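Note sheet for the following structure.
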Amino acid sequence: MQMHAPVSLAAEIRGDGQNLVTEDVTVVEGDVATISCRVKNSDDSVIQLLNPNRQTIYFRDFRPLKDSRFQLVNFSNSELRVSLTNVSISDEGRYFCQLYTDPPQEIYTTITVLVPPRNLVIDIEKETAVEGEEIELNCTAMASRPATTIRWFKGNKELTGKSEVERWSDMYTVTSQLLLKVGREDDGVPVICLVDHPAVKDLQTQRYLEVMYKPQVRVSQNYPLQGLTREGEPLELTCTAFGKPQPTDMRWLRVDDEMPQHVVVSGSNLLISNLNKTDNGTYRCEASNAVGKSHADYMLFVYDTTATTEPAVHGFTQLPNSAEELDYGDLSGTSVPPTAPTEALPTEQLSNASLAFRPDSRAGEEGAIQSVDHAVVGGVVAVVVFAMLCLLIILGRYFARHKGTYFTHEAKGADDAADADTAIINAEGGQNNSEEKKEYFI
């Protein structure tokens, strides 16, 4: 859409201290420019208007120039006002107002012509792109004056492009390049090229993106609607997938095991009419199109017929098929209200840490049991260690308190005697005068 802005502006009033006054004019090509020569203090002097070639356009109210685009708007002793219709670039330049006084006075006004872009075109590298690809868009605004400024928008978000300006004579052609990496969320979103130019308002063009992407898969549990999956009861799952193009191949399989013979698969539905413990496992729905393959998993745990505890969550996951898909989604579990069927929700972001998280219907029971087991083991170990420390302390105190003492009665002078008899004779006081010696043991 293009609208010309009404541009006929007094950019600068010229007087220079003289008796004549005029102003510059800016006008869009094809519009009307008005030139005014005014006299401050009229003394009935003659006023005339000349073109850039100094040819007389009007002398008083007479038009010597044979150009019918110039028309007299107003003539009086104090003003000569002339309009110029269908202005073109060749009309740009200085126009002179003259007042025949003694000495004569002259002043000029400048007409500037603006030219809006002739055409605005978006060229796109690929009409149809695949998610994750980077595409190139070019927007060209041709033959404008002055050069235009091009802005890019994707929806309501402004983007940054790279512009180049080419000059042809007095005209400018501007080309702006935009590099855009597209995702599935960009499918059907308009890319807008908008022009900023003083001669035009709301000039823009747009192209709608068409992005192909691999399927998004969802598994929903139709029966039972709530509660546990018990032995002897039926289970019904439905797989839905959408992508661009629409998935053409959809199939059910059992991860790391063969599909039980009593499982009935009909198109996108999986039915087990009589659940038993051997049905435990992960059931996967795969869907593919021309872009790639995706899947969603359902983790089944069959409870006894007498089980009353509801599971915290049934296991639904949507996993990538290769490392390249790590950019497309994350693995998440969702708690399901009692009145609503559990679904495998499509995912948008995937992290390595979440790949290890595969919730199942036993999360409410086994998780709690494992927590209790760890707590009990930790408590027993702590008690044993404490008891051993106490025992070591008690033994240490016991041995410290019970030290032995005994006496030896050796005759004094025994060290200098040649034999035992001599030592006894030399002893002073015999055994009564023996010296006490002590030895200690622990």
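The values are calculated or read from the model by the stated rules, or taken from the named source; none is laboratory data. It should be emphasised that the depicted structure is a prediction, and the values quoted were computed from it without experimental measurement. Cβ placement follows ideal geometry from the backbone for every residue including glycine, while neighbour counts extend to all protein chains displayed. To get the accessible areas, we keep the full protein, side chains included, count just its heavy atoms, and leave off ligands, DNA and RNA. Shrake-Rupley method; radii C 1.70, N 1.55, O 1.52, S 1.80 Å.
Here are the numbers for this structure:
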{"read-out": "Cα-based radius of gyration of region 49-116 once divided by 2.2 N^0.38 Å, which approximates compact folds", "value": "1.14"}
{"read-out": "Calculated from backbone phi, Karplus (6.51, -1.76, 1.60) coupling profile of region 185-197 in Hz, x at Gly/Pro", "value": "6, 8, 5, x, 8, x, 9, 10, 10, 10, 9, 9, 8"}
{"read-out": "Using θ = phi - 60° and Karplus 6.51 cos²θ - 1.76 cosθ + 1.60, couplings along region 120-135 (whole Hz; Gly, Pro as x)", "value": "10, 10, 10, 10, 10, 5, 10, 5, 10, 10, 9, 3, x, 7, 9, 10"}
{"read-out": "Residues residue 101 and residue 202, FRET efficiency given R0 of 45 Å [Cβ-Cβ distance, rounded to 0.05]", "value": "0.40"}
{"read-out": "With all protein chains modelled, accessible area of residue 295 [1.4 Å, Å²]", "value": "10"}
{"read-out": "Distance (nanometres) between label positions extended 7 Å along Cα→Cβ at residue 46 and residue 375", "value": "11.4"}
{"read-out": "Length-normalised contact order for region 21-174 - Cα pairs under 8 Å, 6+ apart - percent", "value": "20"}
{"read-out": "Amide H contacts of residue 280 (H built 1.01 Å from N, under 5 Å, at least 5 apart or other chain)", "value": "302"}
{"read-out": "Taking all pairs of distinct alpha-carbon atoms in region 172-237, Kirkwood radius in angstrom", "value": "17.4"}
{"read-out": "Amide H partners (placed H, <5 Å) of residue 229, local residues excluded", "value": "303"}
{"read-out": "Spin-label pair residue 164/residue 399, simplified geometry with 7 Å Cα→Cβ offset, distance in nm", "value": "9.2"}
{"read-out": "Additional length obtainable on full extension of the chain from residue 75 to residue 19, 0.36 nm per residue less Cα span", "value": "18.5 nm"}
{"read-out": "Under-5 Å amide H pairs with residue 93, H placed in peptide plane, nonlocal only", "value": "111"}
{"read-out": "Note, ³J(HN,Hα) from phi for region 146-160, Karplus 6.51, -1.76, 1.60, rounded to Hz, x at Gly and Pro", "value": "x, 5, 7, 10, 9, 10, 10, 9, 10, x, 9, 9, 7, 10, 10"}
